Amino acid sequence: MVLAGALVLATTTGDGTDPYLAVTVSGGLVLATGSGFPAGEPAVLTARSDEGSASVWVTAAGDGGLDAAFRPPAGFTGDVAVSATADAGRAEDTVAVPPGPPAPPSSAPAGPAAVPMTGPPAADTVPPTVSGLPESQVPADIAADCSVDVTEALNDWLASVPDGSQVDLGREGCYRVDGSLRLDGRRDLVIAGNSSTLRAGVTAPAGTNRAQWYLEYGSNITLRDMTLVGVAPAAEFDADHEWDHNIFIRGTRTVTVENVHGRRAQGDFIAIAQGADNTTIPSDITIRNVSAETIGRMGISCVACDGVSVSGSVFNDIAYHVFDLELQGDDWPGRDVTYTGNTVGSHGWAFFSVGAPTPTRRNDLSGITITGNTVTMPGSDVENCQPSISFRANTVPADTVTITDNRLLSHSDGVLVRRASDVTVRGNTATLAEPGCGDPVGFRTSDVDDPDVGGNDVTGYRTAQEVE
């Protein structure tokens, strides 16, 4: 069977007439094996635990069999439920992942990797933070069981900690944060989560700009080793709460977000924007080894940024774009944005979008690098018909765009770049997921001077490349 646009896994022998699914654990992987699915037809396999998920689009083999492998976070123990959904029906099964180191696999799918699941690694796999800065421990009288709202208490404590400090939350604590934890104008802080959870307990009033972590100005801030949980019941856009994020970075310079796992934000997992003065641009933002699921708007968004790197991260169940570079003001840049080695599952629109709702002036949109990413699900909103990598709504001339070595899956074009110069599109694999929409081609360029397009592999599109 072919795992569209991503991996090639072993073929299952299907001998039933009704869809059937069996799930086992081997070598730390959750292996799903199905039979009785229509040959050559697509199915969606989804794995879910209490803290994470993954999704993958597969095509049943000629014998009706299909299979996939999922990789839970390091040290995960607990139940994983896997479902396979196709036009012919639905099958599901659940398996318990035991504690202890993974056993040697008794059998493993062919192919280079399994689909990673979102969610935090087990606490005992996360080394303590050693920053070399003076440490401040969270006060013991602040409730760490999510029983009461501790937003004010945590903010008072944070305000008392001097710049140039490491801030330690309680190991595996749970802090109910119904408002925002504010870092306003702070410098040289390391926030060590120690595998804690910050959880919103109430829905914010309509139109409220809320985030579990709200950074305003300041510089050199690190957030690491924590889980952030909002209140979104599903990955569905809610216009009244689109500014309810897990993390909001506003005009802050030199920010690192690592091993942070976001769920159920009604807005974005991470939103990056200019300062309240509309002139201070956030810069040098590093996001690595994070995950996000059940997000009501964007996975990561930038309306003004100068240097953003996203690497080694996993996204699933994102309502709109997974990464949205959307310049919204005159003179605001979208410069030196790199998206490398990430895995993208279920999402509504594009995996990576560059565009703006209205024309702006004097913007520096340049240095965009998208490389080595794997998309395991096409954008689900066929009516919106977004390419996997999309410059469709771009109104600002872009310069130096590099798109290489990605595995893409889409109902529309694999890649659409428009209004750009110095464009390289090489070494990508793109697969059309039926039903197609919008006369899809593998790689489309529009109003692009002399693009360097070649060495790409396409399946299912009308043509590999089209120049407009």
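The values are calculated or read from the model by the stated rules, or taken from the named source; none is laboratory data. Note that the coordinates shown come from a computational prediction; the quantities given were computed from them, not determined experimentally. For neighbour counting, all protein chains shown are included, and Cβ atoms are generated from backbone atoms with ideal geometry for every residue, glycine included.
If you take the residues in the stretch 441-455 that are touching a strand residue (DSSP E or B) at 6+ places or on another chain (Cβ under 6 Å) and part of a loop (DSSP other than H, G, I, E, B), which one is surrounded by the most Cβ atoms within 10 Å (Cβ to Cβ)?
Only one residue fits best here, namely GLY442.
Please work out if THR424 is closer than 19 Å to VAL354 by Cα, surrounded by fewer than 23 Cβ atoms within 10 Å (Cβ to Cβ) and in contact with a strand residue (DSSP E or B) (Cβ under 8 Å, 6 or more places away or on another chain). Steps first, answer last, please.
Working: closer than 19 Å to VAL354 by Cα: yes; surrounded by fewer than 23 Cβ atoms within 10 Å (Cβ to Cβ): yes; in contact with a strand residue (DSSP E or B) (Cβ under 8 Å, 6 or more places away or on another chain): yes.
Yes, satisfied.
What are the pairs with Cβ atoms under 7 angstrom where one residue, in the stretch 173-193, is modelled with pLDDT of 95 or more and the other, located anywhere, is of a type in the set (D, E, K, R) and part of a loop (DSSP other than H, G, I, E, B)? Sequence gap at least six, or different chains.
These pairs meet every condition: ARG186/ASP163; ARG187/ASP163; ASP188/ASP163; LEU189/ASP163.
Name the strands (runs of 3 or more DSSP E) wholly within the stretch 212-293 that hold at least 2 residues that are out of contact with any Pro (no Cβ under 6 Å at 6 or more places or on another chain) and within 18 Å of PRO120 (Cα to Cα)? Give the derivation first.
Numbers: elements: 219-229, 244-250, 253-263, 270-273, 283-288.
Counting at least 2 such residues, we get 219-229, 244-250, 253-263, 283-288.
Among the listed residues ALA211, ALA239, ALA234, identify the single one that is surrounded by 23 or more Cβ atoms within 10 Å (Cβ to Cβ), among the aliphatic types (A, V, I, L, M) and in the same structural domain as GLY307 (by TED's automatic domain parsing).
Details: ALA239 fails: surrounded by 23 or more Cβ atoms within 10 Å (Cβ to Cβ); ALA234 fails: surrounded by 23 or more Cβ atoms within 10 Å (Cβ to Cβ).
From the options ALA211, ALA239, ALA234, the qualifying one is ALA211.
Residue check: is GLY201 surrounded by fewer than 20 Cβ atoms within 10 Å (Cβ to Cβ) and under 26 Å from the mean Cα position of the chain (by Cα)?
Numbers: surrounded by fewer than 20 Cβ atoms within 10 Å (Cβ to Cβ): yes; under 26 Å from the mean Cα position of the chain (by Cα): yes.
Spelling it out, GLY201 is indeed surrounded by fewer than 20 Cβ atoms within 10 Å (Cβ to Cβ) and under 26 Å from the mean Cα position of the chain (by Cα).
Would you please list the contacts, defined by Cβ atoms under 6 Å and residues six or more apart or on different chains, that run from a residue in the stretch 439-455 that is hydroxyl-bearing (Ser, Thr, Tyr) to a residue that is surrounded by fewer than 22 Cβ atoms within 10 Å (Cβ to Cβ) and part of a strand (DSSP E or B)?
Going by the 6 Å Cβ cut-off, the qualifying pairs are THR445/VAL467; SER446/ARG418.
Just to be sure I understand, how many residues within the stretch 136-154 are among the polar types (S, T, N, Q), buried (at least 16 other Cβ atoms within 10 Å of the Cβ) and within 15 Å of VAL177 (Cβ to Cβ)? Quick ask: steps written out before the conclusion?
Start the filter on the stretch 136-154 by keeping residues that are among the polar types (S, T, N, Q), which leaves 136-137, 147, 151.
Subsequent filtering for residues that are buried (at least 16 other Cβ atoms within 10 Å of the Cβ) retains 136, 151.
From the residues that got through so far, the ones that are within 15 Å of VAL177 (Cβ to Cβ) too are 151.
Total satisfying the criteria: 1.
Please state which of the following conditions VAL310 fails to meet, knowing it meets all the rest: (1) among the hydrophobic types (A, V, I, L, M, F, W, C); (2) assigned to a strand (DSSP E or B); (3) within 18 Å of GLY52 (Cα to Cα).
(3)
Name the single residue, out of those in the stretch 394-427 being part of a loop (DSSP other than H, G, I, E, B) and farther than 20 Å from ASP449 by Cβ, that is farthest from the chain's Cα centre (by Cα).
Filtering the stretch 394-427 for residues that are part of a loop (DSSP other than H, G, I, E, B) and farther than 20 Å from ASP449 by Cβ, the one farthest from the chain's Cα centre (by Cα) comes out as GLY427.
Search the stretch 233-251 for residues that are over 19 Å from SER219 (Cα atoms) and pair each with any residue that is among the hydroxyl-bearing types (Ser, Thr, Tyr) when their beta-carbon atoms are under 6 Å apart and the residues are at least 6 apart or on different chains.
Final answer for the pair search is ALA235/THR294.
Could you give every pair whose Cβ atoms fall below 9 Å, whose first residue belongs to the stretch 141-155 and is on the phi > 0 side of the Ramachandran plot, and whose second residue is crowded, with 18+ Cβ neighbours inside 10 Å and β-branched (Val, Ile, Thr), counting only separations of at least 6 or pairs across chains?
Cβ pairs passing all conditions: CYS146/THR197.
Only one of these is part of a strand (DSSP E or B), outside the structural domain of ALA43 (by TED's automatic domain parsing) and of a type in the set (D, E, K, R): ASP336, ASP331. Name it.
Values: ASP331 fails: part of a strand (DSSP E or B).
That would be ASP336, the only listed residue that is part of a strand (DSSP E or B), outside the structural domain of ALA43 (by TED's automatic domain parsing) and of a type in the set (D, E, K, R).
Just a yes or no: is a residue in the stretch 352-367 at pLDDT below 95, within 25 Å of VAL290 (Cα to Cα) and in the same structural domain as SER283 (by TED's automatic domain parsing)?
Yes, the stretch 352-367 has at least one match.
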